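One structure is given here, and the rest of the page talks about it.
The values are calculated or read from the model by the stated rules, or taken from the named source; none is laboratory data. Everything numeric in this text was worked out from a predicted model, so none of it was measured. Glycine also receives a Cβ, built like all others from the backbone with ideal geometry; neighbour counts cover every protein chain displayed. Surface areas here come from the heavy atoms of the whole protein model, side chains and all, with no ligands, DNA or RNA. Shrake-Rupley method; radii C 1.70, N 1.55, O 1.52, S 1.80 Å.
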Amino acid sequence: MIAIIGLLSVLIYTGIKIILSSNTKDKAKYKEMIVNWFIAVILAFTMHYIMAFILSVIEEITELLQGLTGVIEVKFGETTFKTNLMGLARFQMEQQNFSAKIGHLIIYTALVVFTFKFTFVYLKRLLRMAFLTVIAPIVALTYPIDKMEGSAKGFNMWLKEYIFTALLQPMHYILYYILVSTSLTLSARNPLYGIAALMFISEAEK
């Protein structure tokens, strides 16, 4: 509603400028502003569809990538079971060798720390997405104002930020798959590699 009121104010301002302007060049410029105003109105009423489309595509990509993250097969006597890197570290802590226990305890602790770290990363992502969603109509309002100066910087920045923030989860999946899942045999033999790979995810994201 705030965005619509703002857009109506911009339209009234542009209309008054056209009426008062006697210069043909200025009139052409203000007519272009009206075209940009119409585009802004269309954006104001369609931005939720744009956001829904982006999120649907990201969700499909995420579901596709979920199946790629591998598992580790562990043999214990005659029994074989499947687990992940954290499950392996927890299982290895039950060994008789004290130094191996301490080593895997450190590895397990590091993996727990990473779990909390990425929980915070995704909480921050959630809040960022919520904020970008809330300001979407205001971004539509800034479209004709920005276009007066040549380009819709506000809208372009918002769209780029929204897409990149939404892409964070599938990008982490891809990085995890490349760095950890494809090297699970190496990770199983040396879980320190898995920790080093997880540490690198934040750097690779940049």
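Each Lys and Arg contributes +1 and each Asp and Glu -1, all at the Cβ; summed about the Cα centre of the chain, the dipole is approximately 500 debye. For the chain, the relative contact order comes to 27 percent (Cα pairs under 8 Å, sequence separation of at least 6). Sequence-ordered 3J(HN,Hα) estimates for region 107-123 from the Karplus curve with 6.51, -1.76 and 1.60 and θ = phi - 60° stand at 5, 4, 4, 4, 5, 5, 4, 5, 4, 5, 4, 6, 4, 5, 4, 6, 5 Hz, glycine and proline given as x. In order along region 124-136, the Karplus-derived 3J(HN,Hα) couplings, from 6.51 cos²θ - 1.76 cosθ + 1.60 at θ = phi - 60°, round to 5, 4, 4, 5, 5, 4, 5, 5, 5, 5, 5, 8, 3 Hz, and Gly and Pro are given as x. In the context of the full protein assembly, LEU127 retains an accessible surface of approximately 110 Å², using a probe radius of 1.4 Å and ignoring ligands and nucleic acids.
From helices alone, the chain scores -27500 deg cm²/dmol at 222 nm; the rule is -39500 (n - 2.57) for each run of n ≥ 4 DSSP H residues, then divide by the residue total.
Largest accessible area first, the residues SER151, SER21 order themselves as SER151, SER21 under a 1.4 Å probe with ligands, DNA and RNA left out.
Applying both filters, DSSP loop and at most 10 other Cβ atoms within 10 Å, to the chymotrypsin sites (Phe, Trp or Tyr not before Pro) of region 129-172 eliminates every site.
Along the chain, counting only GluC sites (Glu not before Pro) with a DSSP assignment other than H, G, I, E or B and at most 16 other Cβ atoms inside a 10 Å radius, the longest segment between sites is 1-77. Here the chain has 68 percent of its accessible surface on carbon and sulfur atoms, given a 1.4 Å probe and all protein chains in place.
Of the two radii for region 72-136, the radius of gyration is 1.27 times the Kirkwood radius, both from the alpha carbons; that is the Rg over Rh value. Seen from a random direction on average, the alpha-carbon convex hull of the chain projects onto 14.6 square nanometres.
Residues in region 73-87 near a label at LEU192, defined as backbone nitrogen under 18 Å from the 7 Å Cα→Cβ point? 86, by backbone N distance to the label point.
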